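The values are calculated or read from the model by the stated rules, or taken from the named source; none is laboratory data. Here the structure is a predicted model, which means the values were calculated and not measured. Every residue, glycine as well, gets a Cβ built from its backbone with ideal geometry; the counts of neighbours run over all protein chains shown.
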Amino acid sequence: MMSSVKPPPTLPNVIPSLPVLQGGGFTHPLRICFSVPEFLGFPKRGGIGQAYAAFAEALVKAGHDVTVLIAADFATNDPRLSDVESDAKDLGVKLVFLPELPFRCAEAPNSESHPLIAYRAWYWLKDGNFDVIHFTEYQTSGFFCVSSKQAGMGFQNTLLCVSLRSPSRWLREGDDAFISEFGMLETDFLEQKTSELADLVFVPSRYIAEWAINQGWKLPARLYHQANLIRIPESLGSATRPGPEPIKELVFFGRLQPRKGLLEFCEAIDQLDPKLLASVSITFLGSYVSEPIDSRSYLTKKAAAWGTVVKVQDQHSREEALQYLQRPGVLAVLPSRVETFGNAVYECQVFGIPFIAADTTAVPELIRPTDRGMVLFELSEKALAKKLAEALFEPPRAVTPHYDPSESESQWVGWHNELD
């Protein structure tokens, strides 16, 4: 008897890039909105906010009218509000903090507030008359917008785009975390439907598209690959591509959580020869987390046994972190378990920072085949310890990115220009 279960759909051998026919200008600027959970490090510092800041900046420079709606809850007296407003003004975008509804709603029956945030985003966006609205599936701020368009109840003249960034289920898998309340299931479902009902979906890597399809997501036919863009602060300049230098400092680069490979990194350090370890210092360049582990407590216990200088830099901005890594004698270590793109790897490539990285998920897509043997390692404590020892003996050089940042930006801007 044959099974009635249908296999998941397959992806094309190559996910197409955004179609650009002429690559020219436009007759009038588009009104574009990004409805995102974070932006320019507010309300939290993360890859999503970095990616969308670069996407927005490129469109502003091209002459489009760009608005950013921060679709998230935050304290109205947060002292960082004035800073992000100033940064957004410098970027040239109109910044909107998610307004409250003009009427009272029942409180959410669980701790997950994402459906209510999505409703508030829809309420504000429905009267915006935007030509294009960009959402991420994460925390599902676009759900009511894509649903209303599918039902013929709004946004008929607006292109609704979703970029797969960090599905909540995917994040839990990376941290070995479990569903602990009903609201998480609700968010998973809404993130899936936000992606399925969009007019089109962008993916930063083939890996995350395959993940979604294997989870049973039915992505729209208009599925495009779009690599992240990179904002280049004047203080960083272009990559210098220095030759290999003796390594004096190992830097774990990423949020201090299991998903970023924190446990594997620390276990690998445990396995290094004490004499070799004493020749370098160790720095953790990223913010602490309290869940699923208390990383502050964990690192305190681990560092006590290492017999070398250990420090944590948990307050650096993106620009400050990259400046720190550009110093001579520094090796960035990126042992992340899962990445939908690998923004930290991409930044190391663009800014000429020597690094080694785990060969997991989307990361190999960023590395030229000829460089993979030098910079990639299998994600295990033993393999990472071996790679660290090799790097201390023969330091790896900085490597160029597989994706050309200028070409990615031209593709992104050119496609929007032709929507005119």
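Every residue in segment 29-45 that is more than 24 Å from Asp127 (Cβ to Cβ), surrounded by fewer than 22 Cβ atoms within 10 Å (Cβ to Cβ) and in contact (Cβ under 8 Å) with a residue 24 or more places away in the chain, please.
Those that are more than 24 Å from Asp127 (Cβ to Cβ), surrounded by fewer than 22 Cβ atoms within 10 Å (Cβ to Cβ) and in contact (Cβ under 8 Å) with a residue 24 or more places away in the chain: Gly41, Phe42, Pro43, Arg45.
Being farther than 18 Å from Glu245 by Cβ and at pLDDT 95 or above narrows it down to one of Pro401, Pro369, so name that one.
Just one listed residue meets the conditions, Pro369.
Taking the residues in segment 139-167 that are modelled with pLDDT of 95 or more and assigned to a helix (DSSP H, G or I) as candidates, determine which candidate is surrounded by the most Cβ atoms within 10 Å (Cβ to Cβ).
Among residues in segment 139-167 that are modelled with pLDDT of 95 or more and assigned to a helix (DSSP H, G or I), the one surrounded by the most Cβ atoms within 10 Å (Cβ to Cβ) is Phe143.
Six or more apart or on different chains, Cβ under 9 Å: which pairs go from a residue in segment 222-247 that's more than 28 Å from Phe393 (Cα to Cα) and modelled with pLDDT of 90 or more to one that's surrounded by fewer than 16 Cβ atoms within 10 Å (Cβ to Cβ) and of a type in the set (Val, Ile, Thr)? Could you list them?
That search, which allows pairs on different chains as well, returns His225/Val14.
State whether the residues of segment 113-131 include one that is over 23 Å from the mean Cα position of the chain (by Cα), assigned to a loop (DSSP other than H, G, I, E, B) and of a type in the set (Gly, Ala, Ser).
Within segment 113-131, one or more residues are over 23 Å from the mean Cα position of the chain (by Cα), assigned to a loop (DSSP other than H, G, I, E, B) and of a type in the set (Gly, Ala, Ser).
Evaluate the following for Lys193: is it surrounded by 14 or more Cβ atoms within 10 Å (Cβ to Cβ), out of contact with any strand residue (DSSP E or B) (no Cβ under 7 Å at 6 or more places or on another chain) and closer than 15 Å to Leu164 by Cβ? Before the answer, list the steps.
Working: surrounded by 14 or more Cβ atoms within 10 Å (Cβ to Cβ): yes; out of contact with any strand residue (DSSP E or B) (no Cβ under 7 Å at 6 or more places or on another chain): yes; closer than 15 Å to Leu164 by Cβ: yes.
Against the criterion (surrounded by 14 or more Cβ atoms within 10 Å (Cβ to Cβ), out of contact with any strand residue (DSSP E or B) (no Cβ under 7 Å at 6 or more places or on another chain) and closer than 15 Å to Leu164 by Cβ), Lys193 qualifies.
Given the criteria out of contact with any Cys (no Cβ under 9 Å at 6 or more places or on another chain) and in a loop (DSSP other than H, G, I, E, B), does Ala72 qualify? Break it down stepwise before answering.
On the way: out of contact with any Cys (no Cβ under 9 Å at 6 or more places or on another chain): yes; in a loop (DSSP other than H, G, I, E, B): yes.
Criteria met by Ala72.
Look at Phe55 and say whether it is touching a Ser or Thr at 6+ places or on another chain (Cβ under 8 Å), touching a residue at least 40 places away in the same chain (Cβ under 8 Å) and not aliphatic (A, V, I, L, M). Before you say what the answer is, go through the steps one by one.
Numbers: touching a Ser or Thr at 6+ places or on another chain (Cβ under 8 Å): no; touching a residue at least 40 places away in the same chain (Cβ under 8 Å): yes; not aliphatic (A, V, I, L, M): yes.
Taking the combined requirement at face value, the residue does not satisfy it.
Return the residues of segment 340-354 that are β-branched (Val, Ile, Thr), under 23 Å from Phe202 (Cα atoms) and touching a strand residue (DSSP E or B) at 6+ places or on another chain (Cβ under 7 Å); say none if nothing qualifies.
Pass one, segment 340-354, residues β-branched (Val, Ile, Thr): 340, 345, 350, 353.
Filter once more, so that each one left must be under 23 Å from Phe202 (Cα atoms): 340, 345, 350.
Result: Val345, single match.
Can we say Val413 is under 22 Å from the mean Cα position of the chain (by Cα) and either without any contact (Cβ under 8 Å) to a residue 24 or more places away in the chain or within 30 Å of Ala62 (Cα to Cα) (or both)? Before the answer, list the steps.
Details: under 22 Å from the mean Cα position of the chain (by Cα): yes; either without any contact (Cβ under 8 Å) to a residue 24 or more places away in the chain or within 30 Å of Ala62 (Cα to Cα) (or both): yes.
The answer is yes for Val413.
If we scan segment 409-418, do we find a residue that is of a type outside the set (A, V, I, L, M, F, W, C) and part of a loop (DSSP other than H, G, I, E, B)? Full working, then the answer.
Just the residues of segment 409-418 that are of a type outside the set (A, V, I, L, M, F, W, C), to begin with: 409-411, 414, 416-418.
After this cut, where a residue has to be part of a loop (DSSP other than H, G, I, E, B) as well, the list is 418.
Within segment 409-418, one or more residues are of a type outside the set (A, V, I, L, M, F, W, C) and part of a loop (DSSP other than H, G, I, E, B).
Pull up segment 86-138, narrow it to residues that are without any contact (Cβ under 8 Å) to a residue 60 or more places away in the chain and aromatic (Phe, Trp, Tyr), then point me to the one that is surrounded by the most Cβ atoms within 10 Å (Cβ to Cβ).
Selected residue: Trp122.
Every residue in segment 347-371 that is in contact with a His (Cβ under 9 Å, 6 or more places away or on another chain) and either surrounded by 20 or more Cβ atoms within 10 Å (Cβ to Cβ) or among the β-branched types (Val, Ile, Thr) (or both), please.
Listed by number, the residues that qualify are Gln349, Leu366, Ile367.
Testing Val60 on (1) at pLDDT 85 or above; (2) among the β-branched types (Val, Ile, Thr); (3) farther than 18 Å from Leu419 by Cβ, one condition comes back false. Which one is that?
(3)
Against the definition (out of contact with any Cys (no Cβ under 6 Å at 6 or more places or on another chain), without any contact (Cβ under 8 Å) to a residue 24 or more places away in the chain and of a type in the set (Val, Ile, Thr)), how does Ile179 come out, yes or no?
Working: out of contact with any Cys (no Cβ under 6 Å at 6 or more places or on another chain): yes; without any contact (Cβ under 8 Å) to a residue 24 or more places away in the chain: yes; of a type in the set (Val, Ile, Thr): yes.
Considered against the rule, which asks whether it is out of contact with any Cys (no Cβ under 6 Å at 6 or more places or on another chain), without any contact (Cβ under 8 Å) to a residue 24 or more places away in the chain and of a type in the set (Val, Ile, Thr), Ile179 comes out as yes.
Quick check on my filter: what residues within segment 197-206 are touching a helix residue (DSSP H, G or I) at 6+ places or on another chain (Cβ under 7 Å) and either assigned to a loop (DSSP other than H, G, I, E, B) or more than 20 Å from Thr140 (Cα to Cα) (or both)? Walk me through how you get there before you give the answer.
Here is the first cut: in segment 197-206, the ones touching a helix residue (DSSP H, G or I) at 6+ places or on another chain (Cβ under 7 Å) are 197-198, 201, 203, 205-206.
Scanning segment 197-206 gives Ala198, Ser205, Arg206.
If Ser336 meets every condition in (1) among the small types (Gly, Ala, Ser); (2) surrounded by fewer than 24 Cβ atoms within 10 Å (Cβ to Cβ); (3) assigned to a loop (DSSP other than H, G, I, E, B) apart from one, which number is that one?
Only one criterion is unmet by Ser336, namely (2).
Can you tell me which residues in segment 41-68 are more than 19 Å from Ala321 (Cα to Cα) and assigned to a loop (DSSP other than H, G, I, E, B)?
Matches in segment 41-68: Ala62, Gly63, His64.
If you scan segment 379-409, which residues turn out to be within 22 Å of the chain's Cα centre (by Cα) and loosely packed, with under 15 Cβ neighbours inside 10 Å?
Thr400, Asp404, Ser406, Glu407 - these are the residues of segment 379-409 that are within 22 Å of the chain's Cα centre (by Cα) and loosely packed, with under 15 Cβ neighbours inside 10 Å.
Which residues, counting only those in segment 355-391, are touching a strand residue (DSSP E or B) at 6+ places or on another chain (Cβ under 8 Å), aliphatic (A, V, I, L, M) and in a helix (DSSP H, G or I)? Spell out the reasoning first.
Residues of segment 355-391 touching a strand residue (DSSP E or B) at 6+ places or on another chain (Cβ under 8 Å): 355-359, 363-364, 367, 375-379, 383-384, 386-388, 391.
Okay, now just the ones that are also aliphatic (A, V, I, L, M), so 356-358, 363, 367, 375-376, 379, 383-384, 388, 391.
Result: Val363, Val375, Ala383, Leu384, Leu388, Ala391.
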